Amino acid sequence: MEQQRQTGLPSGEDETWMLAYAAGDAQAFERLYLKHKGGLYRYFVRQLSDMALAEDLYQETWSRVIKAAQSYQASAKFTTWLYRIAHNLLIDHVRAVKPVDSLSIDEDEPDAQANLVGPQTAEPDSELLRSRQVAWLKECIGLLPQVQKEAFLLNQESGLTAQLISEVAGATLEATKSRIRYAYQSLRDCLGRKTQESIE
């Protein structure tokens, strides 16, 4: 804590906990894990069709956090550092195998889809349409280029800003904003085509 104040480094809760863990406080790591385990797990699940692989990469991320604890410096937000590790693991997998081309979106988590598939209503026909839209959205996200897919998911699923996503992905802020913008546009266009096809 004192070192943080002296160096002017970030003094957020996560960074404080990570520094405490590096100093030997196991409970500090437990707090970090409990806070970030859901979002990190979904980060992998949303981008990979292989649940076992998603679990492996998720566990490996935490393993690397533990291994890097002694050398951790709070020079950036902990969240950025954590997702940077996850990003690198995912990219390593993509390079070793093939671009990931599938992901899953839970129908009971509408927030990530709200701007794309519209509001829910109680009418049966509307419920049927929404169910179709969710299925279409899954398919459309699967068609996005990997860099756009990741930017979209980090923005929607993890709530990261474009600035933080750029740090995670190692891209410029402008490139990141473009990826998010193109992802949204591509998804809207794709959903529009599928809606039109269903009418014809």
Give, as residue ranges, the helices (runs of 4 or more DSSP H) completely inside the range 1-48 that count at least 1 residues that are under 16 Å from S71 (Cα atoms) and modelled with pLDDT of 90 or more.
13-22, 26-47
Among the residues of the range 153-175, are any more than 19 Å from T79 (Cβ to Cβ) and either in contact with a strand residue (DSSP E or B) (Cβ under 8 Å, 6 or more places away or on another chain) or basic (K, R) (or both)?
no
Scan (1) of a type outside the set (S, T, N, Q); (2) assigned to a helix (DSSP H, G or I); (3) surrounded by 13 or more Cβ atoms within 10 Å (Cβ to Cβ); (4) in contact with a helix residue (DSSP H, G or I) (Cβ under 9 Å, 6 or more places away or on another chain) for the single condition L160 breaks and write down its number.
(2)
Restrict the check to the range 129-151 and report whether at least one residue is modelled with pLDDT under 70 and open to solvent by 30 Å² or more (accessible area, probe 1.4 Å).
yes
When you check Y72 against the structure, is it closer than 15 Å to L19 by Cα and either surrounded by 14 or more Cβ atoms within 10 Å (Cβ to Cβ) or not basic (K, R) (or both), yes or no?
yes
Go through the residues of the range 98-121 one by one and say whether even a single one is assigned to a helix (DSSP H, G or I), open to solvent by less than 40 Å² (accessible area, probe 1.4 Å) and modelled with pLDDT of 65 or more.
no
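The values are calculated or read from the model by the stated rules, or taken from the named source; none is laboratory data. Predicted model, so just to flag it, every value in this text is computed and none were measured. All Cβ positions, glycine included, derive from the backbone under ideal geometry; neighbour counts span all protein chains shown. Please note that ligands, DNA and RNA were not included when accessible areas were found on the heavy atoms of the full protein model with its side chains. Shrake-Rupley method; radii C 1.70, N 1.55, O 1.52, S 1.80 Å.
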